Amino acid sequence: MKCEHCTRKECSKKTKTEDQENASVDVPSLAQENGEKGEFHKLADAKIFLSDCLACDSCVTAEEGLQVSQQNAKDFFRVLNLNKKCDVSQHKVLAVSVCPQSLPYFAAKFRLSVTDASRRLCGFLKGLGVHYVFDTAIAAGFSILESQKEFVRRYQRHSEGEPALPMLTSACPGWVRYAERVLGHPVTPHLCTAKSPQQIMGSLVKDYFARRQNLSPDKIFHVIVAPCYDKKLEALREDFPTASHGSRGADCVLTSGEIIQIMEQSDLAVKDAAVDTLFGGLKEEEVRRHDGASSDGYLAHVFRHAAKQLFDEDVGEVTYRTLRNKDFQEVTLEKNGEVLLRFAAAYGFRNIQNVVLKLKKGRFPYHFVEVLACAGGCLNGRGQAQTEDGHADKALLRQMEGIYADIPVRPPETSAHVQELYQEWLDGVDSPRVQEALHTMYQGPGLRAVSRDIKW
């Protein structure tokens, strides 16, 4: 079975390493193989270049594959077991951050509301020995707000001689990896420099939260629960370590499906618990999301902000128009018959290919594109909503989409916690710390330490 992002015939089905086949975890009341299946994906006997293929969870170098294979349940339980030993100097504070797009999967599996499912998941993790469980929605709020400001700046300085548009979103690690490893110029200058929610959450936990708790960042083991395997690769980015401490923002990424496997093999008595916040004893009372049908909704938030800031137009509900397929949609702002803003959402590799082709030819009419590697968006990530034979579980996906749509929307501008963090953590919304903590740079092919012309 080929990976869902790639269209090449050479791509082969997932395989497991010998270490995975023999993996076991010393954890009371859990089966020996805690979610080890399907964590390390590689191309078997495929003699192709990385530059030929989308950088997805099946297309990684050998070195990266080894690092990704270490981000699994075995590593998670290694730290849990370490915390039970007598040498306190070796203990870690375990923090788990859960992506909003994973919660509908847990809600569907538990047959609970999304808030109750969040509390059930939190209670289970704390029963295992996790100290803190966070929601990454706060990090997504930062990423969206910084994307909004960057788009307005780009629009204002855009010219034919020095094009700053279109701006392409950078929250999807599969897409960003493909842009950096394969496309390079003229695409990478169009990538939004705002860090992804996962990257920002890593800084929040390892920098802000660590300082609040009087902890060294290396004393925190930070786990991300996400809907796709590409998030594991994102944790390996070279600029991911927190700026001043050299500690990776995410030490381990587990998919929603891997967490469910752990839960299904456990006989722990679960007591529901409220999700933590970064602010000490405060708890999250109810799950909130941003305004996207299956993602964090960068398009809708940036569109509304740009309409107001650039044209003093207040936009209520954003109206999407489906074009070539359901995964390519358009949104426009019009006044007196003139199109002021033209945005698009392009999900899935085939739509991405069309975007890139038109961009290279200079025939691209859009100011902004929300790009996601997974067809159907983040809810359809391969780390969840999959059948046992690796195909998308369409019935489960429809259920998850309904659950996600029912979660109340909270615009990031209205989040008191985000505004508080801008002041307390970053010294204000326009301080140099904002650029350092919330923005990144991109490299093109040939500029990275690992050559893209490696054969497997």
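The values are calculated or read from the model by the stated rules, or taken from the named source; none is laboratory data. Worth saying up front: this structure is predicted, and the values here are computed from it rather than measured. Neighbour counts are summed over all protein chains in view; Cβ atoms, including those assigned to glycine, are modelled from backbone coordinates with ideal geometry. The area values use the complete protein model at the heavy-atom level, side chains included, leaving out ligands, DNA and RNA. Shrake-Rupley method; radii C 1.70, N 1.55, O 1.52, S 1.80 Å.
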Picked from region 345-383 (must be basic (Lys, Arg) and open to solvent by 20 Å² or more (accessible area, probe 1.4 Å)), the residue modelled with the lowest pLDDT is Arg363
Would a scan of region 311-319 turn up a residue that is closer than 26 Å to Leu397 by Cβ, in contact with an Asp or Glu (Cβ under 8 Å, 6 or more places away or on another chain) and either at pLDDT 95 or above or not β-branched (Val, Ile, Thr) (or both)? no
Taking region 190-223 and keeping residues open to solvent by less than 20 Å² (accessible area, probe 1.4 Å), more than 19 Å from Gln71 (Cβ to Cβ) and hydroxyl-bearing (Ser, Thr, Tyr) leaves Tyr208
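Here is a yes/no grid of residues against (1) open to solvent by less than 30 Å² (accessible area, probe 1.4 Å); (2) modelled with pLDDT under 80; (3) more than 26 Å from the chain's Cα centre (by Cα):
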{"position": "Ile48", "(1), (2), (3)": "yes, yes, yes"}
{"position": "Asp52", "(1), (2), (3)": "no, yes, no"}
{"position": "Gly65", "(1), (2), (3)": "yes, yes, no"}
{"position": "Ala73", "(1), (2), (3)": "yes, no, no"}
{"position": "Leu82", "(1), (2), (3)": "no, no, yes"}
{"position": "Lys85", "(1), (2), (3)": "no, no, yes"}
Condition set within 14 Å of the chain's Cα centre (by Cα) and part of a helix (DSSP H, G or I), scope region 90-117, selection surrounded by the most Cβ atoms within 10 Å (Cβ to Cβ): answer is Ser102
query = Do we find a residue being open to solvent by 10 Å² or more (accessible area, probe 1.4 Å), touching a His at 6+ places or on another chain (Cβ under 8 Å), among the polar types (S, T, N, Q) and within 30 Å of Gly281 (Cβ to Cβ) anywhere in region 233-245?
reply = no
With the first residue restricted to region 388-408 and required to be at negative phi, and the second required to be hydroxyl-bearing (Ser, Thr, Tyr) and open to solvent by 30 Å² or more (accessible area, probe 1.4 Å), Cβ contacts under 8 Å at 6 or more apart or on different chains are Asp393/Thr387
Going through region 411-423 in order, the residues found to be of a type outside the set (A, V, I, L, M, F, W, C) and either outside the structural domain of Gly316 (by the TED database) or touching a helix residue (DSSP H, G or I) at 6+ places or on another chain (Cβ under 8 Å) (or both) are Pro411, Pro412, Glu413, Ser415, His417, Tyr422
With criteria (1) part of a loop (DSSP other than H, G, I, E, B); (2) touching a residue at least 24 places away in the same chain (Cβ under 8 Å); (3) surrounded by fewer than 20 Cβ atoms within 10 Å (Cβ to Cβ), Gly316 comes up short on (2)
Within region 384-430, of all residues that are of a type in the set (Gly, Ala, Ser) and within 18 Å of Ala139 (Cα to Cα), the one most open to solvent (accessible area, probe 1.4 Å) is Ala416
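For region 167-187, which residues satisfy the criterion of being touching a helix residue (DSSP H, G or I) at 6+ places or on another chain (Cβ under 7 Å) and within 20 Å of Lys149 (Cβ to Cβ)? Working first, answer last.
Going through region 167-187, the residues touching a helix residue (DSSP H, G or I) at 6+ places or on another chain (Cβ under 7 Å) turn out to be 167-171, 173-175, 177, 179-183, 186-187.
Correct list: Met167, Leu168, Thr169, Ser170, Ala171.
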Filtering region 387-398 for residues that are modelled with pLDDT of 90 or more and within 21 Å of the chain's Cα centre (by Cα) leaves a count of 3
Residues of region 146-181 being over 16 Å from Val355 (Cα atoms) and either in contact with a strand residue (DSSP E or B) (Cβ under 8 Å, 6 or more places away or on another chain) or crowded, with 24+ Cβ neighbours inside 10 Å (or both), in sequence order, are Glu146, Ser147, Glu150, Phe151, Arg154, Ala171, Pro173
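Scan region 273-282 residue by residue and report those that are open to solvent by 60 Å² or more (accessible area, probe 1.4 Å) and either more than 15 Å from Ile138 (Cβ to Cβ) or among the aromatic types (Phe, Trp, Tyr) (or both).
Gly281
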